[in-house]
1. Which aspartates and glutamates does LYS199 reach when only Cα atoms under 13 Å apart count, and residues fewer than 8 places away in its own chain are ignored?
2. Can you give the FRET efficiency for ALA292 and LYS120, using 1/(1 + (r/R0)^6), R0 = 51 Å, r = Cβ-Cβ distance, to the nearest 0.05?
3. Between region 124-155 and region 248-263, what is the separation of their alpha carbon centroids in Å?
4. With N denoting the number of residues in region 203-323, provide Rg(C-alpha) divided by 2.2 N^0.38 Å, to two decimal places.
5. Take each of the peptides 40-49, 24-33, average the number of other beta-carbon atoms within 10 Å over its residues, and list them starting from the highest.
6. Taking N as the number of residues in the chain, what is its Cα Rg relative to 2.2 N^0.38 Å?
7. Run lengths n ≥ 4 of DSSP H only: what is the helix-derived mean residue ellipticity at 222 nm for the chain, with -39500 (n - 2.57) per run over all residues, to the nearest 500?
8. Carbon and sulfur atoms: what percent of the 1.4 Å accessible area of the chain do they account for?
Amino acid sequence: MIYTELVQSEQKFDELRPLWNKLLGKSGSGSIFLTWEWLFTWWCHYQQKRNLFVILFWAGRELVGIAPFMQEEEIRGGIKVQTLRFIGSDGPACSEFLSLIVAPGYELEVYHRLLEFLKKYSPPWDRVVLNPLSLEDSKVHHLYRTVSQSYLAELERTFMCPYVKLPSDWSQFLSRLSRNFRQQVRSSLRKFEGQTGIKYLPDAQNTFPIPKLVNALSKLNGLRMEQKGIDSTLKVTSFRRFLSDVLDQFQARDWLSCSLIHREQEILAIILNFRYAKKIWYYQAGFLPEYAFLRPGTLLFAWTIRDAIEKGFLEYDFLRGEEHYKYRWGSTNRTAITLQLYNRKVLPYVICYFRKARTWVRRSLK
(Lines give C-alpha, C1' and ligand atoms only; values in the text may rest on other atoms or scores of the structure.)
Protein backbone atom coordinates (compact mmCIF):
# COMPACT_ATOMS: atom_id res chain seq x y z
CA MET A 1 0.00 0.00 0.00
CA ILE A 2 1.43 3.35 -1.09
CA TYR A 3 0.69 6.47 0.92
CA THR A 4 1.47 10.09 0.12
CA GLU A 5 3.14 12.93 1.99
CA LEU A 6 3.05 16.58 0.95
CA VAL A 7 6.25 18.57 1.56
CA GLN A 8 5.74 22.33 1.73
CA SER A 9 8.63 23.47 3.96
CA GLU A 10 12.10 24.29 2.70
CA GLN A 11 13.63 22.57 5.74
CA LYS A 12 11.94 19.26 4.86
CA PHE A 13 13.01 19.70 1.23
CA ASP A 14 16.58 20.19 2.46
CA GLU A 15 16.44 17.01 4.54
CA LEU A 16 15.36 14.91 1.52
CA ARG A 17 18.76 15.09 -0.20
CA PRO A 18 20.08 11.54 0.46
CA LEU A 19 16.75 9.82 -0.19
CA TRP A 20 16.08 11.97 -3.26
CA ASN A 21 19.28 11.13 -5.12
CA LYS A 22 19.13 7.47 -4.12
CA LEU A 23 15.68 7.17 -5.69
CA LEU A 24 16.74 9.15 -8.76
CA GLY A 25 19.64 6.76 -9.29
CA LYS A 26 17.26 3.80 -9.27
CA SER A 27 14.52 5.43 -11.34
CA GLY A 28 16.32 5.44 -14.69
CA SER A 29 15.33 9.07 -15.29
CA GLY A 30 19.00 10.02 -15.57
CA SER A 31 18.59 13.79 -15.87
CA ILE A 32 21.03 15.94 -13.92
CA PHE A 33 18.28 18.56 -13.73
CA LEU A 34 16.27 16.22 -11.50
CA THR A 35 19.03 15.94 -8.89
CA TRP A 36 18.36 17.39 -5.47
CA GLU A 37 21.36 19.70 -5.93
CA TRP A 38 19.91 21.36 -9.02
CA LEU A 39 16.29 21.62 -7.89
CA PHE A 40 16.95 22.71 -4.31
CA THR A 41 19.42 25.37 -5.47
CA TRP A 42 16.91 26.53 -8.09
CA TRP A 43 14.22 26.77 -5.43
CA CYS A 44 16.43 28.81 -3.10
CA HIS A 45 17.06 31.36 -5.87
CA TYR A 46 13.80 31.48 -7.83
CA GLN A 47 10.97 30.55 -5.49
CA GLN A 48 9.60 34.13 -5.44
CA LYS A 49 5.89 33.95 -4.54
CA ARG A 50 5.52 30.27 -5.28
CA ASN A 51 4.80 27.54 -2.74
CA LEU A 52 6.53 24.17 -2.46
CA PHE A 53 4.29 21.29 -3.45
CA VAL A 54 6.54 18.21 -3.40
CA ILE A 55 4.53 14.98 -3.16
CA LEU A 56 6.32 11.93 -1.75
CA PHE A 57 5.11 8.38 -2.33
CA TRP A 58 6.01 5.79 0.30
CA ALA A 59 5.76 2.02 0.28
CA GLY A 60 6.16 1.39 3.99
CA ARG A 61 9.44 3.10 4.90
CA GLU A 62 10.75 3.05 1.33
CA LEU A 63 10.51 6.18 -0.80
CA VAL A 64 9.27 5.01 -4.22
CA GLY A 65 8.16 8.23 -5.89
CA ILE A 66 8.59 12.00 -5.94
CA ALA A 67 6.46 14.57 -7.75
CA PRO A 68 8.75 17.66 -7.53
CA PHE A 69 6.02 20.28 -7.92
CA MET A 70 5.57 23.90 -6.94
CA GLN A 71 2.33 25.84 -6.80
CA GLU A 72 1.82 29.33 -8.17
CA GLU A 73 -1.02 31.73 -8.75
CA GLU A 74 -1.12 33.08 -12.29
CA ILE A 75 -3.26 35.88 -13.66
CA ARG A 76 -4.83 35.07 -17.03
CA GLY A 77 -7.28 37.53 -18.53
CA GLY A 78 -7.67 39.13 -15.13
CA ILE A 79 -8.60 35.79 -13.56
CA LYS A 80 -6.54 33.98 -10.93
CA VAL A 81 -5.44 30.50 -11.99
CA GLN A 82 -3.92 28.00 -9.56
CA THR A 83 -1.18 26.10 -11.38
CA LEU A 84 1.06 23.20 -10.40
CA ARG A 85 4.33 22.79 -12.32
CA PHE A 86 7.76 21.25 -11.92
CA ILE A 87 10.32 23.03 -9.75
CA GLY A 88 12.93 24.45 -12.10
CA SER A 89 10.71 24.54 -15.18
CA ASP A 90 11.00 28.25 -15.92
CA GLY A 91 13.45 31.13 -15.68
CA PRO A 92 16.93 31.47 -17.19
CA ALA A 93 18.31 28.25 -15.66
CA CYS A 94 16.79 26.11 -18.46
CA SER A 95 16.19 22.81 -16.67
CA GLU A 96 15.80 19.99 -19.20
CA PHE A 97 13.86 16.73 -19.11
CA LEU A 98 12.09 17.03 -15.81
CA SER A 99 9.80 14.24 -14.72
CA LEU A 100 8.21 12.38 -11.86
CA ILE A 101 10.88 10.32 -10.10
CA VAL A 102 9.60 6.77 -9.63
CA ALA A 103 11.22 3.51 -8.57
CA PRO A 104 10.99 0.76 -11.24
CA GLY A 105 7.86 -1.33 -10.91
CA TYR A 106 5.90 1.32 -8.99
CA GLU A 107 4.93 3.54 -11.94
CA LEU A 108 1.23 2.69 -12.23
CA GLU A 109 0.66 2.68 -8.46
CA VAL A 110 2.34 6.07 -8.09
CA TYR A 111 0.35 7.58 -10.99
CA HIS A 112 -2.95 6.38 -9.53
CA ARG A 113 -2.05 7.67 -6.06
CA LEU A 114 -1.07 11.00 -7.62
CA LEU A 115 -4.51 11.26 -9.24
CA GLU A 116 -6.23 10.41 -5.96
CA PHE A 117 -4.15 13.03 -4.16
CA LEU A 118 -4.93 15.74 -6.72
CA LYS A 119 -8.66 14.95 -6.61
CA LYS A 120 -8.84 15.27 -2.83
CA TYR A 121 -6.50 18.25 -2.39
CA SER A 122 -8.13 21.47 -1.24
CA PRO A 123 -8.13 24.29 -2.20
CA PRO A 124 -8.52 22.88 -5.71
CA TRP A 125 -6.02 23.53 -8.48
CA ASP A 126 -6.98 24.65 -11.99
CA ARG A 127 -4.23 23.12 -14.10
CA VAL A 128 -1.01 21.10 -13.96
CA VAL A 129 1.75 21.96 -16.45
CA LEU A 130 4.50 19.35 -16.73
CA ASN A 131 7.44 20.35 -18.90
CA PRO A 132 9.91 19.81 -20.36
CA LEU A 133 9.34 16.07 -20.59
CA SER A 134 11.13 13.75 -23.00
CA LEU A 135 9.00 12.19 -25.72
CA GLU A 136 11.29 9.14 -25.51
CA ASP A 137 10.37 8.53 -21.87
CA SER A 138 7.89 5.65 -21.81
CA LYS A 139 6.73 6.75 -18.35
CA VAL A 140 5.31 9.94 -19.88
CA HIS A 141 2.92 7.97 -22.09
CA HIS A 142 1.83 5.76 -19.18
CA LEU A 143 1.20 8.89 -17.14
CA TYR A 144 -0.75 10.52 -19.98
CA ARG A 145 -3.01 7.50 -20.43
CA THR A 146 -3.62 7.33 -16.68
CA VAL A 147 -4.47 10.99 -16.13
CA SER A 148 -6.60 11.18 -19.30
CA GLN A 149 -9.11 8.90 -17.61
CA SER A 150 -9.87 11.55 -15.00
CA TYR A 151 -8.88 14.92 -16.49
CA LEU A 152 -8.83 16.85 -19.70
CA ALA A 153 -5.20 16.26 -20.75
CA GLU A 154 -3.08 17.18 -23.75
CA LEU A 155 0.45 16.61 -25.00
CA GLU A 156 2.24 19.27 -27.00
CA ARG A 157 5.68 19.26 -28.63
CA THR A 158 7.69 22.24 -27.42
CA PHE A 159 11.29 22.15 -28.67
CA MET A 160 14.09 19.90 -29.91
CA CYS A 161 17.23 18.87 -28.04
CA PRO A 162 20.09 17.62 -30.24
CA TYR A 163 22.30 14.84 -28.85
CA VAL A 164 25.03 12.48 -30.03
CA LYS A 165 25.40 8.80 -29.17
CA LEU A 166 29.09 8.24 -28.48
CA PRO A 167 30.97 5.21 -29.82
CA SER A 168 33.86 3.59 -27.99
CA ASP A 169 36.53 5.07 -30.24
CA TRP A 170 37.40 8.67 -31.25
CA SER A 171 38.36 7.66 -34.80
CA GLN A 172 35.01 5.95 -35.21
CA PHE A 173 33.28 9.11 -34.01
CA LEU A 174 35.18 11.25 -36.54
CA SER A 175 34.24 8.85 -39.34
CA ARG A 176 30.57 9.69 -38.73
CA LEU A 177 31.10 13.38 -39.46
CA SER A 178 30.85 14.91 -42.91
CA ARG A 179 34.12 14.86 -44.82
CA ASN A 180 34.50 18.66 -44.80
CA PHE A 181 33.80 19.02 -41.09
CA ARG A 182 36.04 16.07 -40.19
CA GLN A 183 38.90 17.76 -42.04
CA GLN A 184 38.12 21.03 -40.28
CA VAL A 185 38.27 19.37 -36.86
CA ARG A 186 41.60 17.71 -37.59
CA SER A 187 43.00 20.90 -39.10
CA SER A 188 41.92 22.96 -36.08
CA LEU A 189 43.58 20.51 -33.69
CA ARG A 190 46.84 20.59 -35.65
CA LYS A 191 46.79 24.38 -35.91
CA PHE A 192 46.34 24.73 -32.16
CA GLU A 193 49.37 22.52 -31.50
CA GLY A 194 51.49 25.07 -33.35
CA GLN A 195 50.42 27.99 -31.15
CA THR A 196 52.94 29.52 -28.78
CA GLY A 197 51.85 30.45 -25.27
CA ILE A 198 48.23 29.38 -25.75
CA LYS A 199 47.22 26.24 -23.87
CA TYR A 200 44.24 23.99 -23.34
CA LEU A 201 43.20 23.21 -19.75
CA PRO A 202 40.70 20.42 -19.10
CA ASP A 203 38.87 20.22 -15.77
CA ALA A 204 39.63 23.85 -15.04
CA GLN A 205 37.31 23.66 -12.03
CA ASN A 206 40.20 21.96 -10.23
CA THR A 207 42.51 24.91 -10.95
CA PHE A 208 40.37 28.05 -10.89
CA PRO A 209 37.77 29.02 -8.28
CA ILE A 210 34.14 28.71 -9.38
CA PRO A 211 33.41 32.49 -9.23
CA LYS A 212 36.32 33.18 -11.62
CA LEU A 213 35.02 30.60 -14.08
CA VAL A 214 31.47 31.97 -13.92
CA ASN A 215 32.73 35.52 -14.47
CA ALA A 216 34.83 34.39 -17.43
CA LEU A 217 31.90 32.47 -18.89
CA SER A 218 29.65 35.50 -18.43
CA LYS A 219 32.10 37.82 -20.18
CA LEU A 220 32.95 35.52 -23.09
CA ASN A 221 29.41 34.26 -23.65
CA GLY A 222 28.17 37.84 -23.55
CA LEU A 223 30.64 38.89 -26.23
CA ARG A 224 29.65 35.95 -28.42
CA MET A 225 25.92 36.63 -28.02
CA GLU A 226 26.47 40.33 -28.69
CA GLN A 227 27.92 39.42 -32.10
CA LYS A 228 24.71 37.51 -32.83
CA GLY A 229 22.49 40.34 -31.56
CA ILE A 230 21.22 38.24 -28.64
CA ASP A 231 21.18 39.08 -24.93
CA SER A 232 23.12 36.59 -22.83
CA THR A 233 21.27 35.18 -19.81
CA LEU A 234 24.58 35.41 -17.96
CA LYS A 235 24.24 39.19 -17.90
CA VAL A 236 21.66 38.74 -15.15
CA THR A 237 23.32 38.94 -11.72
CA SER A 238 20.78 36.63 -10.06
CA PHE A 239 21.47 33.93 -12.66
CA ARG A 240 25.22 34.14 -12.13
CA ARG A 241 24.65 33.71 -8.39
CA PHE A 242 22.47 30.68 -9.00
CA LEU A 243 25.03 29.20 -11.38
CA SER A 244 27.90 29.71 -8.92
CA ASP A 245 25.94 28.00 -6.15
CA VAL A 246 24.87 25.03 -8.23
CA LEU A 247 28.38 24.58 -9.68
CA ASP A 248 29.76 24.42 -6.14
CA GLN A 249 27.29 21.60 -5.48
CA PHE A 250 28.20 19.80 -8.71
CA GLN A 251 31.92 20.19 -8.08
CA ALA A 252 31.53 18.45 -4.72
CA ARG A 253 29.83 15.51 -6.47
CA ASP A 254 32.30 15.40 -9.41
CA TRP A 255 29.50 16.34 -11.83
CA LEU A 256 31.21 19.46 -13.14
CA SER A 257 33.44 19.64 -16.22
CA CYS A 258 34.75 23.05 -17.25
CA SER A 259 37.50 23.32 -19.88
CA LEU A 260 39.19 26.39 -21.29
CA ILE A 261 41.82 27.83 -23.59
CA HIS A 262 44.10 30.35 -21.92
CA ARG A 263 47.19 32.45 -22.32
CA GLU A 264 48.91 32.57 -18.93
CA GLN A 265 46.11 33.75 -16.59
CA GLU A 266 43.86 35.18 -19.33
CA ILE A 267 40.93 32.93 -20.30
CA LEU A 268 40.36 33.11 -24.07
CA ALA A 269 37.60 30.51 -24.46
CA ILE A 270 35.56 28.38 -22.09
CA ILE A 271 33.00 25.57 -22.17
CA LEU A 272 30.81 24.46 -19.28
CA ASN A 273 29.55 20.87 -19.21
CA PHE A 274 27.95 18.61 -16.62
CA ARG A 275 28.63 14.88 -16.33
CA TYR A 276 25.98 12.61 -14.88
CA ALA A 277 24.51 9.16 -15.54
CA LYS A 278 27.12 8.32 -18.21
CA LYS A 279 26.22 11.44 -20.18
CA ILE A 280 27.89 14.78 -20.79
CA TRP A 281 25.47 17.71 -20.73
CA TYR A 282 26.58 20.85 -22.59
CA TYR A 283 25.43 24.02 -20.84
CA GLN A 284 27.24 27.21 -22.00
CA ALA A 285 30.34 28.38 -23.81
CA GLY A 286 32.03 31.55 -25.06
CA PHE A 287 35.25 32.96 -26.46
CA LEU A 288 37.02 36.21 -27.25
CA PRO A 289 36.02 37.23 -30.80
CA GLU A 290 39.60 38.12 -31.74
CA TYR A 291 40.56 34.44 -31.32
CA ALA A 292 37.89 33.18 -33.70
CA PHE A 293 40.66 32.27 -36.18
CA LEU A 294 41.55 29.34 -33.89
CA ARG A 295 37.98 27.98 -34.07
CA PRO A 296 37.84 27.74 -30.26
CA GLY A 297 34.28 26.41 -30.24
CA THR A 298 35.23 23.52 -32.51
CA LEU A 299 38.33 22.81 -30.42
CA LEU A 300 36.51 22.77 -27.08
CA PHE A 301 33.74 20.51 -28.36
CA ALA A 302 36.27 18.17 -29.97
CA TRP A 303 38.35 17.86 -26.81
CA THR A 304 35.27 17.42 -24.64
CA ILE A 305 33.78 14.70 -26.83
CA ARG A 306 37.12 12.90 -27.24
CA ASP A 307 37.64 12.93 -23.48
CA ALA A 308 34.08 11.69 -22.91
CA ILE A 309 34.64 8.77 -25.30
CA GLU A 310 37.92 7.84 -23.61
CA LYS A 311 36.20 7.83 -20.21
CA GLY A 312 33.33 5.65 -21.39
CA PHE A 313 30.49 8.18 -21.51
CA LEU A 314 27.64 7.12 -23.77
CA GLU A 315 26.10 10.39 -24.91
CA TYR A 316 26.82 14.07 -25.45
CA ASP A 317 23.64 16.11 -24.96
CA PHE A 318 23.55 19.61 -26.49
CA LEU A 319 20.22 20.37 -24.75
CA ARG A 320 17.59 22.69 -26.19
CA GLY A 321 18.15 24.69 -29.34
CA GLU A 322 18.51 23.70 -32.99
CA GLU A 323 21.63 25.74 -33.73
CA HIS A 324 23.45 24.60 -36.87
CA TYR A 325 26.77 23.87 -35.16
CA LYS A 326 25.21 21.14 -32.98
CA TYR A 327 24.26 19.06 -36.01
CA ARG A 328 27.75 19.24 -37.49
CA TRP A 329 28.75 16.81 -34.73
CA GLY A 330 26.28 14.22 -35.99
CA SER A 331 23.42 15.06 -33.64
CA THR A 332 19.91 13.69 -33.83
CA ASN A 333 16.91 15.23 -32.10
CA ARG A 334 15.24 14.35 -28.84
CA THR A 335 11.79 15.93 -28.61
CA ALA A 336 10.74 17.83 -25.49
CA ILE A 337 7.02 17.92 -24.78
CA THR A 338 4.55 19.49 -22.37
CA LEU A 339 1.77 17.58 -20.62
CA GLN A 340 -1.08 19.73 -19.34
CA LEU A 341 -3.99 18.65 -17.13
CA TYR A 342 -7.10 20.74 -16.62
CA ASN A 343 -9.40 20.30 -13.67
CA ARG A 344 -13.01 19.50 -14.54
CA LYS A 345 -14.31 22.98 -13.82
CA VAL A 346 -15.53 25.74 -16.11
CA LEU A 347 -12.47 28.00 -15.77
CA PRO A 348 -9.79 25.40 -16.63
CA TYR A 349 -11.85 24.28 -19.65
CA VAL A 350 -12.06 27.86 -20.88
CA ILE A 351 -8.28 28.26 -20.49
CA CYS A 352 -7.64 25.02 -22.36
CA TYR A 353 -9.88 25.76 -25.34
CA PHE A 354 -8.78 29.39 -25.56
CA ARG A 355 -5.16 28.22 -25.75
CA LYS A 356 -6.05 25.65 -28.42
CA ALA A 357 -7.89 28.28 -30.46
CA ARG A 358 -4.94 30.67 -30.22
CA THR A 359 -2.54 27.92 -31.36
CA TRP A 360 -4.81 27.08 -34.30
CA VAL A 361 -4.98 30.73 -35.38
CA ARG A 362 -1.19 31.08 -35.23
CA ARG A 363 -0.65 27.97 -37.33
CA SER A 364 -3.26 29.12 -39.84
CA LEU A 365 -1.58 32.50 -40.22
CA LYS A 366 1.77 30.80 -40.85
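The values are calculated or read from the model by the stated rules, or taken from the named source; none is laboratory data. What you see is a predicted model; the values in this text were computed from it and never measured. Counting neighbours? That spans all protein chains shown, and the Cβs are built from the backbone with ideal geometry, glycine included. Just the protein is used for accessible areas: all its heavy atoms, side chains included, with ligands, DNA and RNA removed. Shrake-Rupley method; radii C 1.70, N 1.55, O 1.52, S 1.80 Å.
1. In chain and number order, the partners are GLU264, GLU266.
2. Efficiency at R0 = 51 Å is approximately 0.30.
3. Taking the Cα centre of region 248-263 as reference, the centre of region 124-155 is 35 Å away.
4. On the way: Rg = 13.8 Å, N = 121, 2.2 N^0.38 = 13.6 Å.
In units of the 2.2 N^0.38 Å rule of thumb, it is 1.01.
5. 24-33, 40-49
6. Here the answer is 1.07, to two decimals.
7. After summing the helix terms and dividing by the residues of the chain, the value is -13000 deg cm²/dmol.
8. That share works out to 50 percent.
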